[in-house]
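The values are calculated or read from the model by the stated rules, or taken from the named source; none is laboratory data. Predicted model, so just to flag it, every value in this text is computed and none were measured. Please note: Cβ atoms are built from the backbone with ideal geometry, for glycine as well, and neighbour counts cover all protein chains shown.
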Amino acid sequence: MSRKPPEPVQVVKERRDAALARLAGSIPYARLLGVHFDRRGDELTAVMPFDEQLIGNPMLPALHGGASAAFLEISAIVQLSWLTLWEGMESGAPMPEGRIRLPKTIDFTIDYLRTGLPRDAYARARVNRSGRRYASVHVEAWQDNHARPFVQATGHFLMPPDGV
Amino acid sequence: MERGLDFARKFVAALPHGRLLGMNVVAMANGVAELEMPYDTKLIGDPETGVIHGGAVSALMDTCGGLAIFAHPLQAITTATLDLRIDYMRAATPGQTILARAECYHMTHTVAFIRAQAFDDNRDLPVATASGAFSVELMGKRA
């Protein structure tokens, strides 16, 4: 009996990129901040390109703490939803119809480690626990040097009733 | 001289990110500041519900916390957020302006402590609360 040939890599990539675009592109506030996501397999890196409108201290100049916080919160929410989407997608389940239901933030604690420079920022989120109802996520952002994060956060999230 | 509304309005007008989110100072006195942010579809975090993104509420409360520090009689010359914890009580009603109220309840030569609440039109139950620590530099106390 012959095995099913593997799917062409381009088909797999397109399916994954479309799922990610649908998820990340659905958040108007992420668009306002210019946040987008790079994907390597299942690994996501959030990117917030520098823009004058993200400045909070024009004297230094430095990124607004609120812009950094929002960047981290967007990264955490997208990472959480992405995990659920990815599992469904890889198990061969059809993509959910209609809008993707996003987790809701319960609390978010931001730790400002150093000044956000007027440069692009990158973030990666790690889901420390993801239960049926609650999830705990840690997220860290850096700019020029990955070993020197400028802001990190931990948050708790309420998962949508029946997965994504 | 204590810094009042004029100072606060100039301060917020000089913040590009404050302008992006449409922040507007309502009150500023004795370590307390009030800042509002009108509803705008570009601030939406969840398109299914039209509820604004938590990050926009964080940005408002962070800015309001900083203003409350400048409103404190000890007259900080600079401040930066060290940490901020935000609890989201409920979804803000779509279409309604968010009002943040922050209080700087203690200030040392190096650190200021704030707590803040954010409301929509219902002023009985906050949309979110926050507490934070900010670094400060006081006039004539350069570290």
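Residues of the stretch A:77-126 that are among the aromatic types (Phe, Trp, Tyr) and in a helix (DSSP H, G or I): A:Trp82, A:Trp86. Across the stretch B:31-49, the qualifying residues are those that are modelled with pLDDT under 95 and surrounded by fewer than 19 Cβ atoms within 10 Å (Cβ to Cβ), and the one among them that is farthest from the chain's Cα centre (by Cα) is B:Glu48. Kindly indicate the residue of the stretch B:64-107 that is of a type in the set (Val, Ile, Thr) and at pLDDT below 95 and also nearest to A:Thr154 (Cα to Cα) among those meeting that condition. Only one residue fits best here, namely B:Thr79.
Within the stretch B:16-28, is even one residue of a type in the set (D, E, K, R), within 14 Å of chain A (Cβ to nearest Cβ), touching a residue at least 12 places away in the same chain (Cβ under 8 Å) and on the phi < 0 side of the Ramachandran plot? The answer is no, given that none of the residues of the stretch B:16-28 is of a type in the set (D, E, K, R), within 14 Å of chain A (Cβ to nearest Cβ), touching a residue at least 12 places away in the same chain (Cβ under 8 Å) and on the phi < 0 side of the Ramachandran plot.
Of all the listed residues (B:Ile77, B:Ile52), the sole one being buried (at least 24 other Cβ atoms within 10 Å of the Cβ), among the β-branched types (Val, Ile, Thr) and touching a residue at least 12 places away in the same chain (Cβ under 8 Å) is B:Ile52.
This table checks each residue for (1) part of a strand (DSSP E or B); (2) farther than 26 Å from A:Ala30 by Cα; (3) aromatic (Phe, Trp, Tyr).
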position: B:Met28; (1), (2), (3): yes, yes, no
position: B:Ser58; (1), (2), (3): no, no, no
position: B:Leu74; (1), (2), (3): no, yes, no
position: B:Arg85; (1), (2), (3): yes, no, no
position: B:Tyr105; (1), (2), (3): yes, yes, yes
position: B:Arg123; (1), (2), (3): no, yes, no
position: B:Ala133; (1), (2), (3): yes, yes, no
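In the set B:Arg115, B:Arg85, only one residue is within 14 Å of the chain's Cα centre (by Cα), within 10 Å of another protein chain (Cβ to nearest Cβ), on the phi < 0 side of the Ramachandran plot and of a type in the set (D, E, K, R); that residue is B:Arg85.
In the stretch A:78-94 there is at least one residue that is more than 18 Å from A:Glu140 (Cα to Cα), surrounded by fewer than 21 Cβ atoms within 10 Å (Cβ to Cβ) and among the aromatic types (Phe, Trp, Tyr). Checking B:Asp124, B:Asp40 one by one, the residue that is acidic (Asp, Glu), free of Cβ contacts under 8 Å to residues at least 12 places away in the same chain and more than 20 Å from A:Thr109 (Cα to Cα) is B:Asp124 and no other.
Conditions (1) closer than 26 Å to A:Pro118 by Cα; (2) surrounded by 15 or more Cβ atoms within 10 Å (Cβ to Cβ), marked per residue:
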{"site": "A:Arg3", "(1), (2)": "no, no"}
{"site": "A:Gln10", "(1), (2)": "no, no"}
{"site": "A:Ala19", "(1), (2)": "no, yes"}
{"site": "A:Arg22", "(1), (2)": "no, no"}
{"site": "A:Gly41", "(1), (2)": "no, no"}
{"site": "A:Met48", "(1), (2)": "yes, yes"}
{"site": "A:Leu54", "(1), (2)": "yes, yes"}
{"site": "A:Ala67", "(1), (2)": "yes, yes"}
{"site": "A:Leu72", "(1), (2)": "yes, yes"}
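For A:Glu43, the requirement of being of a type in the set (D, E, K, R) and farther than 14 Å from A:Val139 by Cβ is not met.
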